[in-house]
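The values are calculated or read from the model by the stated rules, or taken from the named source; none is laboratory data. Bear in mind that the values here come from a model prediction, so they are computed numbers and not experimental data. Cβ placement follows ideal geometry from the backbone for every residue including glycine, while neighbour counts extend to all protein chains displayed.
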Amino acid sequence: MIARVSLEIALRKEFDYSIPPEFAGKVDVGTRVQVPFGARKVLGIVTAVAEESAVVKLKPIIKVIGEQSLVTPKVLRLARWLGEYYCCAPEVALKSVLPESVRKEDAGWRERLFVRVLPVAGEFPKLPKRQQDVWNLVEERREILLAELVTLAGTTAGTVRKLEDRGLIQITSEIAERDPYGREEILPTLPIVPNPAQAAALAKIKAAMDAAGPKEAAAGEAAAGEAAKGSATFLLYGVTGSGKTEVYLQAIAHALEQGKGAIILVPEISLTPQTVERFKARFSSGPLQTLVAVLHSHLSSGERHDEWHKIRQGRARIVIGARSAIFAPVEPLGLIIVDEEHEHTYKQEEAPRYHARDVAIMRGQMEGAVTVLGSATPSLESYYNCEQGKFTRLDLPERVDNQKMPYVRVVDMRQAARDGQGPPIFSPQLKEAITQRLERGEQTILFLNRRGYSNSLQCPKCGFVANCPNCSVTLTYHRAEQKLACHICGHAEKVPPVCPEPKCKNPAIRFAGTGTQKVEAVLAKLFPKARVSRMDADTMKRKDDYRRTLGDFRAGKIDILLGTQMIAKGLHFPNVTLVGIIYADMALHQPDFRAGERTFQLLTQVSGRAGRGDVEGEVFVQAFTPFHPAIQYARRHDFTGFYEQEMEFRTPLKYPPVSRVALLTLKGRNEDKVAFSADHLRRELDKTGAGFKDLVIAGPAPAPLLRAENFYRYQIMLRTRAMSRLSRVLADTVQKLTFPDDVTLAIDIDPVNLS
Ligand code: ADP
Ligand code: ZN
């Protein structure tokens, strides 16, 4: 027998090795092995086992690592699709389906020393007092960690060893499983009786799950390009607080009843202890009791290792996690939930540049699982897929508690600018509303998606602007640290006392533009008594900061919470009755066809923070383009209206969702070489793309962010409906091309970031 192995060193090729007799029966698809490669020994994963190979004189596998194959054949199949569709090497795709901590050869379970009493044969010996005390403690606990015993009894390991020598206790080394949420106290919850809208949604989801059949019938593998039996995709469209999570919980329960597991994806930022707790609580007891594993980037490597193996061993049937949890080895898989499916953080911005929502849909199709996408502001892609009949839409039109949507007022900042001297940060209306809240003891959330103090330093005399030396962006002024910083590459420099232009030297240089630091400073002047807290990447540096600030806000120790997108999502504070959006147009003026969609989503989400208690909420949206459709439809909470007008703009231009985009970015330190390579690539694409009826090729053009971290960037954008086919063509085309040494090409299929 021979094994085909994908090596962990990136080589874009797989190699055959013979399976020596001592490993017979131990090597299967997904097994990790060590193999010779040239003079080296490298790690790899078996992707196929066959009778023979076309290659003669195969080298044998050196070592089999781990007892259980790490990747299930199903996840392996998903990884292969990932590599093909997103145009990346199979070993890169494979790496992303296995966490680093699981892949590493030496990472393992944590072993700890446990102490237990042994049955006493014959008469119990007379012990010195200290030893007797220790024995009593162990007796009482039956089993205790050695370290804990030593502290508890105020003794030494030596004393405990003496008891072991007498044969009274036993000290053993055992695996102590790490539990990242072990310290949380979790109270079990019961299902809530669903309201009619929830019941209707659940009925459809369950019916689809039943069509897939019970565990035994779930083996049905779909032929390539065809959906497995029972797979179906739903879009659960419901405003915040409409009871989506309860629908998820009851659908998961149904999967467990069928003997299957579930994966729940949430954006990293919403993966708060409260969210995790809601899922753990429901399945912590009762007949459907199971472990809920959690996978995200804030776990220690050891914790991730343990969580992953709990899933692989089938002890945890439910997985909740961020993007990469979509590759969790849940088997058999009945249900996948993608909460906040419109979130851009589901897209990985490095190779493999996959979109976890789309991988979820593909995995559901391959494994005959039902996929539920949930959102209050669905992506245009998902909504369009419903209109096209590919997904089924399920609506939860009202909040569970029948609360009204907050009242949204759009404030025309051009007016405020004309009335005063230049645009103020706070319009008189917003200022007045904040004053009221402070008087009534209610809370306010203020939102501005830009950190720092000012986003540019200018000289009014000569026109000098402080730019980053490595990127084509202005430097942001951070007042607390008295520095100018680049938010792309991290470059930082001191603030010059005078204009740095040698011929100018004007001391009256000015900061323009507003960031959260400046808003904080202005708040301190306007409302000196208010307790203000700022949440942005500069103030939230440590793991605990986020949690602590939100805790203080919840406890009423903060009157005004000011922050960037960090505060836009998922927070529920009943005492917040006012939300102010300082500058709503900020995301609108970006060279990205999704700018309107993003603004609409952001405004809707931020507004959703107001009025979640008994008092009706109020939202002030300050804008310089108050009549922009994204702002006006958000004001009226009208998603369908927004969808329709946005489709009118995108359809003739063949932008997603009516077609798909591939973005090719060439970068290098020499602009001429980059531009030249881009032209060359374009000519090749004109040839290889000739077979596509609907292909639009745009560019090459300088990227919106022309220079980043000292690299010049040029882009070519391709649009077609037949992206799977185009991906293959792109991979072939690129394989044949050679670029100058220092020019690299990145292929981004279905990009969300066009800069
Ligand atoms: P969403 O996920 O859409 O924001 P949730 O599922 O979190 O909504 O529901 C909001 C609140 O309403 C939660 O506290 C939840 O326990 C409660 N809830 C959900 N469904 C019902 C129901 N059918 N009856 C009563 N309360 C419910
Ligand atoms: Zn920079």
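Condition first: within 16 Å of ligand 1 (Cβ to nearest atom) and of a type in the set (Val, Ile, Thr). Now tell me which residues in the range 240-279 satisfy that.
THR240, THR245, VAL247, ILE252, ILE264, VAL266, ILE269, THR272, THR275, VAL276
What residue, among those in the range 333-349 that are within 16 Å of ligand 1 (Cβ to nearest atom) and assigned to a loop (DSSP other than H, G, I, E, B), is surrounded by the most Cβ atoms within 10 Å (Cβ to Cβ)?
Among those residues, the one meeting the criterion is GLU341.
Looking only at the range 51-73, decide whether some residue is under 24 Å from MET366 (Cα atoms) and modelled with pLDDT of 85 or more.
No; the residues of the range 51-73 include none that is under 24 Å from MET366 (Cα atoms) and modelled with pLDDT of 85 or more.
Among the residues of the range 7-42, what is the count of those that are modelled with pLDDT under 85 and outside any loop (DSSP other than H, G, I, E, B)?
So the count comes out to 3.
Would you confirm, using the coordinates I've provided, whether TYR354 is in contact with a strand residue (DSSP E or B) (Cβ under 6 Å, 6 or more places away or on another chain) and surrounded by 24 or more Cβ atoms within 10 Å (Cβ to Cβ)? Even if it seems obvious, please write down each step before you answer.
On the way: in contact with a strand residue (DSSP E or B) (Cβ under 6 Å, 6 or more places away or on another chain): no; surrounded by 24 or more Cβ atoms within 10 Å (Cβ to Cβ): yes.
No; evaluated as a whole, the condition is false for this residue.
Quick one: count up the residues across the range 546-561 that are in contact with a strand residue (DSSP E or B) (Cβ under 8 Å, 6 or more places away or on another chain) and charged (D, E, K, R).
So the answer is 2.
Restrict the check to the range 676-698 and report whether at least one residue is in contact (Cβ under 8 Å) with a residue 12 or more places away in the chain, touching a strand residue (DSSP E or B) at 6+ places or on another chain (Cβ under 6 Å), among the hydroxyl-bearing types (Ser, Thr, Tyr) and in a strand (DSSP E or B).
No, the range 676-698 has no match at all.
How many residues does the range 472-515 hold that are over 12 Å from CYS459 (Cβ atoms), assigned to a loop (DSSP other than H, G, I, E, B), of a type outside the set (Ser, Thr, Tyr) and in contact with a Lys or Arg (Cβ under 6 Å, 6 or more places away or on another chain)?
The number of residues fulfilling the criteria is 1.
Name the single residue that is surrounded by the fewest Cβ atoms within 10 Å (Cβ to Cβ) among those in the range 709-721 being in contact with a Lys or Arg (Cβ under 8 Å, 6 or more places away or on another chain), in contact (Cβ under 8 Å) with a residue 60 or more places away in the chain and not basic (Lys, Arg).
ASN710
Are there any pairs, at least 6 apart or on different chains, whose C-beta atoms fall under 8 Å, with the first in the range 384-404 and closer than 30 Å to ALA610 by Cβ and within 12 Å of ligand 1 (Cβ to nearest atom) and the second in a loop (DSSP other than H, G, I, E, B) and of a type in the set (Lys, Arg), and if so, which?
Correct list of pairs: GLN403/ARG612.
Filter the range 482-531 down to residues that are β-branched (Val, Ile, Thr) and touching an Asp or Glu at 6+ places or on another chain (Cβ under 8 Å) and give me whichever is farthest from LEU430 (Cα to Cα).
Of everything passing the filter in the range 482-531, ILE488 is farthest from LEU430 (Cα to Cα).
Which of (1) buried (at least 18 other Cβ atoms within 10 Å of the Cβ); (2) within 16 Å of ligand 2 (Cβ to nearest atom); (3) not hydroxyl-bearing (Ser, Thr, Tyr) does MET535 not meet, given it meets every other one?
(2)
Can you find a residue that is hydrophobic (A, V, I, L, M, F, W, C), at pLDDT 90 or above, away from ligand 1 (no atom under 16 Å from the Cβ) and surrounded by 18 or more Cβ atoms within 10 Å (Cβ to Cβ) anywhere in the range 510-525?
For the range 510-525, residues hydrophobic (A, V, I, L, M, F, W, C), at pLDDT 90 or above, away from ligand 1 (no atom under 16 Å from the Cβ) and surrounded by 18 or more Cβ atoms within 10 Å (Cβ to Cβ): present.
Report, ordered by the first and then the second residue, all pairs with beta carbons closer than 9 Å, sequence separation of six or more or different chains, a first member in the range 190-211 that is over 10 Å from LEU396 (Cα atoms), and a second member that is near ligand 1 (Cβ under 9 Å from one of its atoms) and of a type in the set (S, T, N, Q).
Sorted first by the residue in the range 190-211, then by its partner, the pairs are ILE192/GLN198.
What number goes with the only condition from (1) crowded, with 23+ Cβ neighbours inside 10 Å; (2) away from ligand 1 (no atom under 16 Å from the Cβ) that ARG282 does not pass?
So the condition that ARG282 fails would be (2).
Identify, by number, the condition in (1) in contact with a strand residue (DSSP E or B) (Cβ under 6 Å, 6 or more places away or on another chain); (2) crowded, with 17+ Cβ neighbours inside 10 Å that ARG409 doesn't meet.
Going through (1) in contact with a strand residue (DSSP E or B) (Cβ under 6 Å, 6 or more places away or on another chain); (2) crowded, with 17+ Cβ neighbours inside 10 Å one by one, ARG409 breaks only (2).
With a cut-off of at least 1 residues that are at pLDDT 90 or above, name the helices (runs of 4 or more DSSP H) lying wholly within the range 350-466.
It comes to 356-367, 380-387, 428-440.
Return the only residue of THR640, THR651 being within 30 Å of ASP412 (Cβ to Cβ), out of contact with any Phe, Trp or Tyr (no Cβ under 8 Å at 6 or more places or on another chain) and modelled with pLDDT under 95.
Values: THR651 fails: within 30 Å of ASP412 (Cβ to Cβ).
Checking each option against the conditions leaves just THR640.
Give the residue, chosen from THR539, THR549, that is more than 16 Å from ligand 1 (Cβ to nearest atom), assigned to a loop (DSSP other than H, G, I, E, B), without any contact (Cβ under 8 Å) to a residue 24 or more places away in the chain and of a type in the set (S, T, N, Q).
Only one candidate passes the filter, namely THR539.
Suppose the filter is of a type in the set (Phe, Trp, Tyr), away from ligand 2 (no atom under 16 Å from the Cβ) and more than 22 Å from MET535 (Cβ to Cβ); does PHE447 pass it? Write out each step before concluding.
Working: of a type in the set (Phe, Trp, Tyr): yes; away from ligand 2 (no atom under 16 Å from the Cβ): yes; more than 22 Å from MET535 (Cβ to Cβ): no.
Here the answer is no, as PHE447 does not meet what is asked.
Residues checked against (1) of a type in the set (Phe, Trp, Tyr); (2) more than 16 Å from ligand 2 (Cβ to nearest atom); (3) touching a residue at least 40 places away in the same chain (Cβ under 8 Å):
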position	(1), (2), (3)
VAL473	no, no, yes
THR476	no, no, no
VAL495	no, yes, no
PRO500	no, yes, no
LYS503	no, yes, yes
LYS518	no, yes, yes
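A quick yes/no check of all residues on (1) modelled with pLDDT under 95; (2) closer than 16 Å to LEU394 by Cβ; (3) small (Gly, Ala, Ser):
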position	(1), (2), (3)
GLY213	yes, no, yes
ALA217	yes, no, yes
ALA222	yes, no, yes
GLU226	yes, no, no
SER231	yes, no, yes
VAL239	yes, yes, no
GLY259	yes, no, yes
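For the range 89-98, indicate whether the set of residues that are in a loop (DSSP other than H, G, I, E, B) and of a type outside the set (A, V, I, L, M) is non-empty. First the steps, then the outcome.
Filtering the range 89-98 for residues in a loop (DSSP other than H, G, I, E, B) gives 89, 98.
Now restrict to residues that are of a type outside the set (A, V, I, L, M): none.
Checking the range 89-98: not a single residue is in a loop (DSSP other than H, G, I, E, B) and of a type outside the set (A, V, I, L, M).
Within the set of pairs 6 or more residues apart or between chains, which connect a residue that is over 15 Å from LEU666 (Cα atoms) inside the range 722-746 to a residue that is β-branched (Val, Ile, Thr) with Cβ atoms less than 8 Å apart?
Final answer for the pair search is MET723/ILE749; LEU726/THR720; SER727/ILE749; VAL729/THR688; ASP732/THR688.
Could you give every pair whose Cβ atoms fall below 7 Å, whose first residue belongs to the range 235-254 and is more than 17 Å from HIS572 (Cβ to Cβ), and whose second residue is in a helix (DSSP H, G or I) and among the small types (Gly, Ala, Ser), counting only separations of at least 6 or pairs across chains?
LEU235/SER382; LEU236/ALA201; VAL247/ALA201
Looking at (1) among the β-branched types (Val, Ile, Thr); (2) modelled with pLDDT under 85; (3) more than 16 Å from ligand 1 (Cβ to nearest atom), which is the only condition THR159 fails?
Of everything listed in (1) among the β-branched types (Val, Ile, Thr); (2) modelled with pLDDT under 85; (3) more than 16 Å from ligand 1 (Cβ to nearest atom), THR159 misses just condition (2).
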